[in-house]
Each structure stands twice: as C-alpha cells, then as structure tokens.
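Remarks on the structure that follows.
Bear in mind that the values in this text are calculations on the coordinates, not laboratory data. On a predicted model such as this, the values are computed, not experimentally measured, just so you know. All Cβ positions, even for glycine, are placed from backbone atoms using ideal geometry, and neighbour counts span all protein chains on display.
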Protein chains: 2
Amino acid sequence: MGYRYGRWTPVPRAGECDTVPATDLVNGPVSALDPAIAARLRRSPDGLVAAIVQEAGTRDVLMLAWMDDEALHRTLTTGRATYWSRSRREYWVKGATSGHHQYVRSVALDCDGDALLVTVEQVGAACHTGTHTCFSDELPAVPGETA
Amino acid sequence: MGYRYGRWTPVPRAGECDTVPATDLVNGPVSALDPAIAARLRRSPDGLVAAIVQEAGTRDVLMLAWMDDEALHRTLTTGRATYWSRSRREYWVKGATSGHHQYVRSVALDCDGDALLVTVEQVGAACHTGTHTCFSDELPAVPGETA
C-alpha cells in the first residue's frame, strides 16, 4: 500500500499482510468500502469496530477481532476474513500464516454500528493457542435463576 | 455505592443501576472481583473488556457490551448479566428497565484476556430496538470459497 493522491492505493508487497495506518488522521478513514456502509459505522477513537467471529456450522463463537474500514471492505469483497491487528498495526488475513483460514459466510452490523458479526467456515483452530475457540477459559459463575 | 476504606462498597440506592466511576484512576480498578480473575484481564484504556452475549438455547449472538471489573464481578455472582454503559457511564443490569432479563449460564474469558463470552437465557428481545438480536443489519458479502 502507498499514499498517493490523498488515498491509500495498492502497491504489491511480499506476503498477504500490509503495514499501513488503520486510518488517515487528516482525512478520516480512507478505504474502498462502500460509503453507504462506512456512514453507518461508529468507530472507536482509533478507527475500529469490533468483529465477533462465529462458526457457521457449530455456531461456536470463535474469537473477537477488530476491523477498520479497509479490513471490512476486504472481508466483504474477498470472502476471506481480514482484520486489523492492533498489536502489529497491520492487516491480517486470518490463516495467511497459520493455514487456519476463515471463509466468510455472512457479515452483519449491529444496531449501534460499532460491532460486526462475521459468520465463517473455520479451517483448523481459530485460536493462536491451538484451541478451537479463543474462549476456552471458563470462569466460575453463579447461574441466574429464571423467574 | 460509596467510596470507603479505599474501595467501593455497597450503599443502597433507588433502582438497579449505580452511577459510579468504572475505575479509580489513582488506585486502578476497584471491585470485589476475585483478584485471580482480575489479574488475567487486559483492559482497554478506559478499564473495560468486551462482552459478547450469546443465547444458550439458540446459540444466537445477541449483542456486544462492555464490562469493567465490578460489572464482571456482579455478572459472576448475581446470575444477572451486568454491563458498564459507556454512554451513560453507569452500571446497567440488563432487563432492569425493559424486563428483558439475561440470566447467566456461563462466562468464559478469551486467550488475550480482553474479551468475555457470556452465555445467557434471554427473556424477550435482546436489542433495545425490539429485535431478537442486535445484529439484524446484514451487509452484502461475497462468500469465500473453500479450497
């Protein structure tokens, strides 16, 4: 990716991940995302929305990740779940290095515009620790009693 | 709630919601949450972790909310899903005003310590708009093709 004519435009790079800013702080989010969708997003101060990832077949909740406009655009148009890594500050095509691909089945936006539900077909483990989901650490909870 | 002896301690108030700071900026998070659990949380700069809410029976993902240490403590110990409202800056027992209660079935922490999966029995609509889930706004997505 390179900064040209006031927008980020694709320049070939090695690997599937691009190290670029999540947002252009002067001009706001810059991405090929449909402006009608972009207008409905309510982003965090660092330009992100939360992405809950659910497995299509089992309906297991697999992980929580983050997307900026461009990651959402790539997720909607490539069929491959693509996130913004807050720690590495780069785009991250799930499975690009691990082989644990996520093939997109559907994407829904919530009522507030600040969270996405991404339904995927998961290949292998969703979690980098090797477990099927990232939510394998059960906490002790007193179950609520229905009335 | 009142500030006593360096900790927030319960003082009866009208209603089910308390308007108190999410965190004590001097002493860090103050709550009755088990310190062993608190030590595993990786909080956002405003002291919160994301809480994905899933319905136990249908496995529908209902909503995304936020918890500080005290909201998690209340969720784990009262059996009623309790969040921190970022807009109202107060604790929020789901269903306290709407009657759309969430009875806790289980709570799991993710591998990063920054997201929770709360499984609940949902009474009525989870979304304040009256829909069953908050994720009813489907976006146009090109489905990914499995290899």
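Would you mind giving the mean number of other chain beta-carbons within 10 Å of the Cβ of each residue in A:53-61, as a whole number?
3
Which distances, shortest first and in nm, link A:Gly124 to the matching position in the other copies, using label points set 7 Å out along Cα to C-beta?
4.6
Sequence-distant or interchain residues sharing an amide H contact under 5 Å with B:Trp84, placed H: which?
Under 5 Å from the amide H of B:Trp84: B:Trp66, B:Met67, B:Asp68.
For B:74-80, what's the mean count of beta carbons from other chains sitting within 10 Å of each residue's beta carbon?
3
Which order do the peptides B:43-55, A:73-85, B:84-96 take when ranked by the mean count of other beta-carbon atoms within 10 Å per residue, highest first?
A:73-85, B:43-55, B:84-96
Compute the signed sum of charges (Lys and Arg +1, Asp and Glu -1) over the other residues within less than 14 Å, Cβ to Cβ, of B:Ile37.
Taking every Cβ under 14 Å from that of B:Ile37, the sum is -4.
Which Cβ of chain A lies nearest the axis of the rotation superposing A onto B, and at what whole-Å distance?
Residue with the nearest Cβ, plus whole-Å distance, for chain A: A:Arg59, 2.
Using modelled amide H (1.01 Å from N, peptide plane; none on Pro or chain starts), what sits under 5 Å from the amide H of B:Gly47, excluding residues fewer than 5 places away?
Excluding prolines and chain starts, which carry no amide H, there are no hits.
List, shortest first and in nm to one decimal, how far the label point of B:Thr77 (7 Å from Cα along Cα→Cβ) is from its counterparts in the other copies.
Spelled out, the distances from B:Thr77's label point are 5.1 nm.
Using a 7 Å offset from Cα along the direction of the beta-carbon, what are the separations from B:His100 to the same position in each other copy, nm, ascending?
Result for B:His100, in nm, nearest copy first: 3.3.
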